[in-house]
Amino acid sequence: MPERLARHDILFEPVKIGPRTLRNRFYQVPHCTGFGVEKPWTQAAFRGMKAEGGWAAVCTEYCSISPESDEKPYTSARLWDDEDMRALSLMADAAHANDALAGVELWHGGLFAEQRESRLPPLAPSQIASDWDGVTVPKVMEAADIRRVQDEWVAAARRARTAGFDILYVYGSHTYLPTQFLSPVFNRRTDAYGGSFENRSRFWLEAIERVKAEIGDDCAIAVRIAADTLELSGVDLDEGLAFIRAADPMVDLWDVTIGSMAGMGRLDAGPSRFYEQGYQLQWSGRAKEATAKPVVVVGRFTDPDKMAEVIRGGHADLIGAARPSISDPFLPRKIEEGRYDEVRECIGCNACYSRSVWGLHLGCTQNPTAGEEHRRGWHPERFDRAANAEEAVLVVGAGPAGMECAMVLGKRGFELVHLADAGDDIGGQMRWVTRLPGLGEWGHVVAYRRVQLERLPAVEVVLGAALDADAVRDYGARIVVVATGARWTGDGMNGITRAPIPGADASLPHVLLPEDVMVAGARPDGKRVAIVDCEGYFTAAGIAEILRAEGHDVVFVTPYDVVAPTCDQTLEGLRLRLHLHALGIDLRTALTPTEILPGGLRAEDGVGRPVEIEADATVLVTQRLSDDALYLELTSDPGALAAAGIDAVYRVGDCVAPRLIADAIFDGHRLAREIDGPDPAVARPYLRERPLIPG
Ligand code: ADP
Ligand code: SF4
């Protein structure tokens, strides 16, 4: 039996926050999900799962206090009325059923609530347009507005108490309304709410005071603040700490982050590409200078040694987590039980953020069960024995989809599963993707599954096995899962022109593909290289950086208006572009490639003007195509399958359609969960949450 190391005992001490007590130091800070009050059962099951996994508290996402704080299409929770209250009470109940406290992050967005649903004017301390949306210019809050918003905060707090919440936030960080008042940049007022630090603090202090007076005996009052807004908001560490001192007598728990909504200040939820575990501490770790109350900090903590160090070093009292708790809801329990190598470590890819913020449904690369607890009934740690577990299964391809599928089949009690791959190790595309600059931490995708696969006696990994259709048929399996992935297309096929690019042909010496560079080690013949990126995510940027580091003159050509637009959804984009620019890579946007030539390429700019770019070679990163030949050959001959004793052939992952790594893993997981269903090839319907119409 594994045992917890004594040096981690400190993480399991209880912590008192006002009238409540946290059972340990693991705290799931508020984070977006896309569930809000629209999917109350999903919300409850998602947070409840973390409570079951050992988190001492689980919090909602930002939770709007009134229709004047409406940020649609982004999905916040809401506590506008009693129906919202009942919706969120499910989550509080789920937390309590698992001995955790429930927190609610009461929120007013001010300028950053664009009111697209309510159509009410956005409110702000001063009339400065939103940098997100230049046509959103707020109303300057009058005295009556200030009073009303504070009243709404109190009313929402009352509902939260009735819903069963233990921790109520007067949330102000991420430059929402309270910080807009505190900020000399957003707040240009000359009345009692603007000017001096005391005046700029007044709105937030009054709101805290009024919520405290109403609720403080029953619930813990938490305040979320940026220790330093870092950019374009003007609330530096000195003022951040001064505010903490000023509000401290009324606050039971300080939840300290960094950054603002603007530019590079958006450092909260920093991607692993640029930020290490604990990266916020240089700012947030200073909060303890201003308060003796418990402080929670975040920084993608997954390493118990680092966590214990944070506590022992006096930097914070609670280990906050959003992403690590999504990636592994059972992180605290695994540490508590000394099962360190079973932790499903967050890779810091921010696919969760990209999937939850834009009004979507949260998903996670590492944890395909995240967001599926209610609607698909998936538990991240528990698996039913499959009804057909005695049938031998062959999974062909050990990329993310194949690894996940084989692992879940093993956990579902299959008695014999072979995971075969042509390569000399498992991992598939991850074997080279993780060698792209900054993506090393994505290696946890393989590391976690490697440990799990090794522990499953019924699953055997067979390497160096490039299987053709005959070999698959002769293998002796009853069920075959093809997880052979995808390849970059060699003809420049892309979604922008919806056609191959004339002259693009990867068999020519001056045309290279990502795998040529990353796997075969091919290099451009000559100093100048053009990278054509129609994908807009991490691949082209990574290859550009590698070739630049090797001394090539790199021109990066993309039809999009910015380099790597998908990286904006994962909070990597801005910093990535600055980084590539600083390396000396020539970034050329809004150029649609029209022809690849031996001496470079032709393109068209945004208004149709031709542009010529000289290069000795071109790397095509236009799109991937499924590597589905094996699957199609197998399924084209049902008679041969039957003769070989094969009952079913399925495919998963990029072999079905090349998508995010998160989707490939989800796909492999789904098939394994449903492999004993009536038609495993087709996903079972999932529970939907929608208003019931009588009739
Ligand atoms: P996904 O993201 O869908 O999991 P990847 O492209 O990461 O897919 O991985 C596909 C894996 O399948 C690679 O490791 C590759 O070596 C392996 N593979 C592809 N074709 C075969 C085959 N015919 N026999 C064995 N392994 C294969
Ligand atoms: Fe971590 Fe990526 Fe999962 Fe988000 S999606 S929790 S960043 S592994």
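Laboratory data are not the source of any read-out in this text; all were calculated from the coordinates shown. Since the model is a prediction, treat every value here as computed from it, not as a measurement. Reconstructed Cβ throughout: ideal geometry from the backbone, glycine too, with neighbour counts over all protein chains shown.
What is the percent of Cα-Cα separations in the range 538-695 that go past 25 Å?
Every Cα pair in the range 538-695 considered, those over 25 Å come to 54 percent.
What is the range 321-432's relative contact order, in percent, from Cα pairs under 8 angstrom and six or more apart in sequence?
Relative contact order for the range 321-432 comes out at 18 percent.
What do you get for Rg/Rh of the range 400-465 when both radii come from the Cα atoms and Rh is the Kirkwood radius? Don't skip to the end; give the middle numbers.
Working: Rg = 12.1 Å, Rh = 12.2 Å.
With Rg and the Kirkwood Rh in hand, the quotient comes to 1.00.
Using the crude model of +1 on Lys and Arg Cβ and -1 on Asp and Glu Cβ, and no other charge, please compute the dipole size for the range 338-398 relative to its Cα centre, in debye to 20.
For this selection, approximately 260 debye.
For GLU614 and ALA640, what is the calculated FRET efficiency with R₀ set at 60 Å and r taken between the beta-carbons, to the nearest 0.05?
Efficiency, from the Cβ-Cβ distance: 0.70.
Quick one: in the range 4-62, what % of C-alpha pairs are over 19 Å apart?
For the range 4-62, the share of Cα pairs beyond 19 Å comes to 40 percent.
Could you point to the residue in ALA92, VAL607, ALA506 farthest towards the positive end of the chain's charge dipole, with +1 and -1 charges on the Cβ of Lys/Arg and Asp/Glu respectively?
It is ALA92, whose Cα lies furthest towards the positive end.
With +1 on each Lys and Arg Cβ and -1 on each Asp and Glu Cβ, how big is the dipole of the range 324-461 about its Cα centre, in debye rounded to the nearest 20? Intermediate results must be reported in sequence, preceding the final value.
On the way: 16 positive and 20 negative charges, 81 e Å.
Taking the Cα centre of the range 324-461 as origin, the dipole is about 400 debye.
Using +1 at the Cβ of each Lys and Arg and -1 at the Cβ of each Asp and Glu in the range 248-350, identify which of GLY338, ASN350, ILE326 lies farthest towards the dipole's positive end.
Result: ASN350, furthest along the dipole toward the positive end.
What residue among PRO178, SER118, LEU205 has its Cα farthest toward the positive end of the dipole of the range 108-228, where the charges are +1 on Lys, Arg and -1 on Asp, Glu, each on the Cβ?
The residue sitting farthest along the positive end of the dipole is SER118.
Just tell me which lysines come within less than 28 Å, Cα to Cα, of LYS16; anything on the same chain fewer than 8 places away is out.
LYS50, LYS212, LYS288, LYS293, LYS306, LYS334
Mind jotting down the distance between the C-alpha centroids of the range 1-40 and the range 77-100, whole Å?
If we compute the Cα centre of each part, the gap is 18 Å.
Please give the length that would be gained between LYS72 and VAL451 if that part of the chain were fully extended, namely 0.36 nm times their separation in residues minus their C-alpha to C-alpha distance (nm, one decimal).
132.3 nm
What is the projected area of the convex hull of the Cα atoms of the range 84-228, averaged over all directions, in nm²?
Working: hull surface 37.3 nm².
Over all viewing directions, the range 84-228 projects a mean Cα-hull area of 9.3 nm².
Under 14 Å from the Cβ of ARG119, count the other residues' Cβ atoms, weight Lys and Arg +1, Asp and Glu -1, and hand me the total.
Surrounding charge for ARG119 is -2.
Could you give the size of the charge dipole of the chain about its Cα centre, using +1 on the Cβ of each K and R and -1 on the Cβ of each D and E, expressed in debye and rounded to the nearest 20?
Roughly 1340 debye, rounded to the nearest 20.
Label GLU198 and ASP341 with points 7 Å out from Cα along Cα→Cβ: what is the distance between them in nm?
6.2 nm
How large is log10 I(q)/I(0) at q = 0.15, 0.24, 0.27 Å⁻¹ when the Debye formula is applied to the Cα atoms of the range 269-338, each weighted equally and without solvent?
-0.48, -1.12, -1.29
Just flag the chymotrypsin sites (Phe, Trp or Tyr not before Pro) in the range 97-145 sitting in loop per DSSP whose Cβ has no more than 14 other Cβ atoms within 10 Å.
Passing both the DSSP loop test and the Cβ count: TRP132.
Under the definition of Cα pairs under 8 Å and six or more residues apart, what whole-number percent is the relative contact order of the range 475-555?
This gives 21 percent for the range 475-555.
Taking 0.36 nm per residue of sequence separation and subtracting the Cα-Cα distance, how much length would be gained by fully extending the chain between ARG148 and ASP474, in nm to one decimal?
110.0 nm
So what is log10(I(q)/I(0)) for the range 215-363 at q = 0.09, 0.14, 0.20 1/Å, when the Debye sum runs over its Cα atoms only?
One equal scatterer on each Cα of the range 215-363 leads to -0.30, -0.74, -1.30.
Please report the net charge: other residues with Cβ closer than 13 Å to the Cβ of ALA486, K and R +1, D and E -1.
So the surrounding residues net to -3.
Does anything in the range 321-347 have its amide N under 17 Å from the 7 Å Cα→Cβ label point of GLU3, and if so which residues?
The answer is 335-341.
Quote the relative contact order of the chain in percent (integer), defining contacts as alpha-carbon pairs under 8 Å separated by 6+ residues.
11 percent
When N is the residue count of the chain, what does its C-alpha Rg come to as a fraction of 2.2 N^0.38 Å?
Working: Rg = 26.7 Å, N = 695, 2.2 N^0.38 = 26.4 Å.
My calculation over the Cα atoms of the chain gives 1.01.
When DSSP assigns beta bridges and you keep just the ones with both residues in the range 1-155, what percent turn out antiparallel, to the nearest 5?
Numbers: 3 of 15 bridges.
Counting DSSP beta bridges with both partners in the range 1-155, the antiparallel share is about 20 percent.
Within the set of other residues whose C-beta is less than 15 Å from the C-beta of THR136, count the net charge using Lys and Arg as +1 and Asp and Glu as -1.
Local net charge: -3.
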